[in-house]
Number of protein chains: 2
Amino acid sequence: MSTPKIRVGIIGAGNVGSALVQLLIDESRSIALVDAAMAELEIVGVAVRDAEKSRPGIDESLLSGDAMALAHRDDLDVLVELAGGVDPARSYVEAALSRGVSVVTANKALMASCGTELAQLANKNGVDLFYEAAVGGGIPILRSLRTSLAGERIERVMGIVNGTTNYILSKMTTEGSDYDVALAEAQALGYAEADPTADVEAFDAAAKVQILSSLAFGTELHGEEIAREGITGIRAVDVDFARRNGYVIKLVGIAERVGDNGLSRRAHPALIPAEHPLASVHGAMNAVFIEGTMSGPLMWLGQGAGGAPTATAVLGDLLYVARNRVNGRHDVPFSVDDRLVSVPAGDIESVFYISLDVMDEPGVLASVAGVFGAHGVSIQSMEQSGVGDEARISFLTHTALTKNVEATIRELKSLGAVDSVGACLPVIEQGAS
Amino acid sequence: MSTPKIRVGIIGAGNVGSALVQLLIDESRSIALVDAAMAELEIVGVAVRDAEKSRPGIDESLLSGDAMALAHRDDLDVLVELAGGVDPARSYVEAALSRGVSVVTANKALMASCGTELAQLANKNGVDLFYEAAVGGGIPILRSLRTSLAGERIERVMGIVNGTTNYILSKMTTEGSDYDVALAEAQALGYAEADPTADVEAFDAAAKVQILSSLAFGTELHGEEIAREGITGIRAVDVDFARRNGYVIKLVGIAERVGDNGLSRRAHPALIPAEHPLASVHGAMNAVFIEGTMSGPLMWLGQGAGGAPTATAVLGDLLYVARNRVNGRHDVPFSVDDRLVSVPAGDIESVFYISLDVMDEPGVLASVAGVFGAHGVSIQSMEQSGVGDEARISFLTHTALTKNVEATIRELKSLGAVDSVGACLPVIEQGAS
């Protein structure tokens with residue numbers, strides 16, 4: 001029996017794209033790949049923004065500058081979309097899917113903004129749409145959610161899914177650096193972009209939470225905004241308070257059931273107990289922690305970015321698509337759970353860490369404590385530190401409703417004795433582990 | 001279109017079997033399961049050792065005492081084998097496979113002893129054989145190796161795959177307990193069997209290493225013996241030495257490439273750097289750490305035992321089998337890499353921790369050091385401690401060949417100044433993480 005051929009078009013030859021090409025043309029892997037794909041994977045074209053630029057390792061005859069023409073090729077089985085961003089990537093993906101071409105993408109922004117529509121389009125045309133590389137780089141978490149955990153009732157998904165912010169917060173933790181110093185270092189090392197907004201303001205983490213949530217809980221992907229807070233306000237004193245109290249500060253993306261049919265999705269910095277498995281995820285590593293009703297806690301750890309790790313996730317999808325095509329089948333897209341209702345961030349209960357810069361004068365604590373009390377937020381522990389301009393009061397609350405804490409913060413800001421609110425961060429409680 | 005039925009027979013209704021039955025008959029999951037299986041999963045029989053015993057939650061009409069009759073039923077689509085042990089489990093599995101019935105098993109002993117033959121039998125009969133629950137309880141590592149990582153070149157798989165020994169070693173680490181005390185506690189809590197041999201002598205870990213290796217590297221499963229050492233000789237002083245030097249002692253199962261076409265498989269206690277992700281795997285948790293050429297380090301963490309977590313792994317397999325059967329297909333079994341040659345344990349290079357109980361008299365260190373030197377084992381650091389009967393010398397060597405270290409130990413044992421060799425444990429070096 002002759003080995004079937006699966007013809008692959010690739011849009012984008014940056015870090016991920018060129019690592020993928022190297023994987024696919026590596027002679028020493030070719031037998032293993034044919035085995036895993038049940039087919040020979042043949043690259044028929046690589047579309048790049050600048051077709052004149054030399055691309056070592058990529059056959060020149062494959063290169064073109066016209067991504068849309070590649071997406072429309074008649075002889076294509078799979079389109080690998082690595083262009084990034086919503087437009088024009090969306091038009092390439094739609095063109096391919098509607099012509100019966102399967103798509104593998106690493107594009108989290110695209111999936112978060114219109115993943116449901118694209119998945120339906122794929123299904124209608126009897127082809128696959130996979131995007132393992134969109135969350136957690138090389139960590140194969142999405143396929144596990146689709147397959148091994150398909151029968152599990154998941155209670156909570158919590159992830160460190162942004163390597164840039166984890167690198168910055170890790171530096172602040174191990175070296176006591178301030179945010180600006182750690183950011184500059186991350187930029188110098190190439191871990192952070194010149195404009196770091198998407199990472200440090202948690203847009204990236206929020207998109208990944210939505211993708212995880214769609215597979216774990218059956219929520220839709222329509223570009224909905226979810227609660228989001230960045231790390232730019234985190235100070236060295238906050239990191240230090242956390243450490244002294246047995247916590248580390250991490251930017252976490254969370255999707256969790258609330259009550260019978262509620263679901264909360266959010267991305268924000270939080271205090272995590274030092275013994276929690278996520279607390280030891282250092283530097284640019286990513287991790288996804290899942291709590292299932294029956295499985296208990298499960299965690300996946302790996303490199304969340306980088307050309308080679310991300311390319312392995314793309315390759316895993318490509319092999320899966322190839323086997324499906326050879327078998328004349330495709331996977332059903334994630335199912336949607338209509339009963340789930342989005343719970344506003346204000347309705348979430350949590351312990352909070354709150355730090356206030358205050359006037360260094362008698363009676364301040366009493367007036368501050370009065371504001372907490374008036375909003376029904378009860379205090380678990382308190383610490384006064386610094387003198388003069390540096391005077392600070394830091395609190396850990398008991399479990400409280402977020403909206404009550406927010407109301408407390410608003411009133412504290414208007415209090416004469418409070419210079420500013422330095423931090424207000426939720427505290428993640430230790431799950432079983 | 002009517003929903004197809006997949007008829008499931010289950011052998012064994014212990015912790016895992018009864019948790020699985022509960023999952024399958026749970027009304028609140030039924031829609032999600034039909035969705036994930038693309039079929040209705042119907043339990044047609046549950047074979048137990050003692051059919052007279054009351055089994056709350058299992059319909060009495062399903063129970064029987066005849067496992068072989070269940071395996072031979074004409075109306076079966078999938079047999080779930082949870083009996084454990086090689087015989088008679090093997091005969092049930094063979095009977096099912098050879099009659100075109102797919103098999104899901106949690107049986108590591110069976111898979112390690114004849115997995116290759118059973119996989120070939122499954123393939124010949126066009127059915128699936130899956131065994132996710134045989135390694136790492138609820139951790140879905142095997143499917144990730146089969147699918148997402150099928151195109152990756154894996155360099156090393158290293159796992160904490162035995163919860164009993166990890167519980168004992170964790171207790172020894174956190175509480176400074178001796179082995180016997182920690183074992184007794186593990187037995188009292190049900191983490192260790194009355195006869196703990198399979199766990200503490202690393203038979204269980206060795207079987208799991210062989211299963212991981214077969215999927216990661218393409219080695220065969222024929223019940224071959226691999227290098228194996230237990231934890232019964234580990235003393236509180238060893239755990240303490242490790243801690244003071246930045247390590248923890250863990251029982252690890254390792255399968256790794258050596259040179260061009262060599263492969264080493266072994267299970268033994270080792271010193272792991274405290275910063276290594278495996279070092280923070282506490283208590284009865286399991287974890288598998290993989291180093292891939294392109295993916296870099298990846299780790300999976302979860303509950304390695306227990307009825308409910310293990311049942312979720314079985315259910316994941318069952319859903320996969322169901323979808324395959326509905327689509328009229330089956331997965332190809334793991335491929336075999338004939339070029340790989342097993343590397344003897346003696347040929348592995350490592351840093352070693354060695355601890356000697358010695359006579360408390362002058363000149364001992366000189367004579368001991370002479371023996372190391374004679375075998376080409378060079379010393380990285382040395383510590384003398386205790387006096388009189390408690391006198392001890394502990395060493396960390398530089399990287400040395402295991403067989404040279406073994407020869408050193410043999411000669412040291414015959415040295416008058418050495419009372420006994422307390423420990424000789426490899427040290428795992430910190431990988432990228």
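Remarks
- Tally of residues being crowded, with 20+ Cβ neighbours inside 10 Å and out of contact with any Leu (no Cβ under 6 Å at 6 or more places or on another chain) across segment B:231-249: 5
- Residue list for segment A:299-316, filter: surrounded by 24 or more Cβ atoms within 10 Å (Cβ to Cβ), facing another protein chain (nearest Cβ under 8 Å) and touching a residue at least 24 places away in the same chain (Cβ under 8 Å): A:300, A:301, A:302, A:303, A:309, A:311, A:312, A:313, A:315, A:316
- All of B:275, B:291 fail the test of being of a type in the set (Asp, Glu) and part of a strand (DSSP E or B), apart from B:291.
- Of the residues screened, residue B:50 is not one that is of a type in the set (Asp, Glu) and in contact (Cβ under 8 Å) with a residue 60 or more places away in the chain.
- Hits in segment B:317-338 - residues which are charged (D, E, K, R), within 17 Å of residue B:124 (Cβ to Cβ) and facing chain A (nearest Cβ under 10 Å): B:329, B:331
- Residues in segment A:407-423 that are touching a strand residue (DSSP E or B) at 6+ places or on another chain (Cβ under 8 Å), of a type outside the set (Val, Ile, Thr) and buried (at least 17 other Cβ atoms within 10 Å of the Cβ): A:412, A:417, A:422, A:423.
- Search result, residues across segment A:203-261 that are under 26 Å from residue A:421 (Cα atoms) and among the basic types (Lys, Arg): A:228, A:235, A:243, A:244, A:250
- Candidates A:211, A:249, filtered to the one that is touching a residue at least 60 places away in the same chain (Cβ under 8 Å), β-branched (Val, Ile, Thr), more than 14 Å from chain B (Cβ to nearest Cβ) and in contact with an Asp or Glu (Cβ under 7 Å, 6 or more places away or on another chain): A:249
- Of note, residue B:148 satisfies the criterion of being within 14 Å of another protein chain (Cβ to nearest Cβ), within 19 Å of residue B:212 (Cα to Cα) and in contact with a Lys or Arg (Cβ under 6 Å, 6 or more places away or on another chain).
- Scanning segment B:124-145 for residues that are more than 13 Å from every other protein chain (Cβ to nearest Cβ), of a type outside the set (Lys, Arg) and not in a loop (DSSP other than H, G, I, E, B) yields B:129, B:134.
- Residue check, residue A:115 surrounded by fewer than 23 Cβ atoms within 10 Å (Cβ to Cβ), within 22 Å of residue A:224 (Cβ to Cβ) and either touching a Leu at 6+ places or on another chain (Cβ under 9 Å) or charged (D, E, K, R) (or both): no
- Between B:385, B:394, B:378, the distinction of being over 30 Å from residue B:215 (Cα atoms) and buried (at least 18 other Cβ atoms within 10 Å of the Cβ) belongs to B:394 only.
- Within segment A:346-380, considering residues that are touching a residue at least 40 places away in the same chain (Cβ under 8 Å), out of contact with any Ser or Thr (no Cβ under 6 Å at 6 or more places or on another chain) and polar (S, T, N, Q), the one farthest from residue A:270 (Cα to Cα): A:367
- Subset of segment B:298-316 (residues that are aliphatic (A, V, I, L, M) and either within 16 Å of the chain's Cα centre (by Cα) or assigned to a loop (DSSP other than H, G, I, E, B) (or both)): B:299, B:301, B:305, B:313
- Apart from one condition, residue B:107 fits all of (1) at pLDDT 95 or above; (2) under 25 Å from residue A:146 (Cβ atoms); the exception is (2).
- Check on residue A:296, among the small types (Gly, Ala, Ser) and within 14 Å of chain B (Cβ to nearest Cβ): yes
- Listed here are the helices (runs of 4 or more DSSP H) enclosed by segment A:1-108 that have at least 2 residues being within 14 Å of another protein chain (Cβ to nearest Cβ): A:15-25, A:30-37.
- Residue B:226 being surrounded by fewer than 24 Cβ atoms within 10 Å (Cβ to Cβ), touching a helix residue (DSSP H, G or I) at 6+ places or on another chain (Cβ under 6 Å) and modelled with pLDDT of 95 or more: yes
- Residue within segment A:181-198 that is of a type in the set (Gly, Ala, Ser), surrounded by fewer than 24 Cβ atoms within 10 Å (Cβ to Cβ), modelled with pLDDT of 95 or more and within 20 Å of residue A:106 (Cα to Cα) present: yes
- Count of residues meeting criterion [buried (at least 17 other Cβ atoms within 10 Å of the Cβ) and within 30 Å of the chain's Cα centre (by Cα)] in segment B:56-93: 14
The values are calculated or read from the model by the stated rules, or taken from the named source; none is laboratory data. These numbers come from a predicted model, not from an experiment. When we count neighbours, we look across all protein chains shown, and the Cβ atoms used for this are built from the backbone with ideal geometry, even at glycine.
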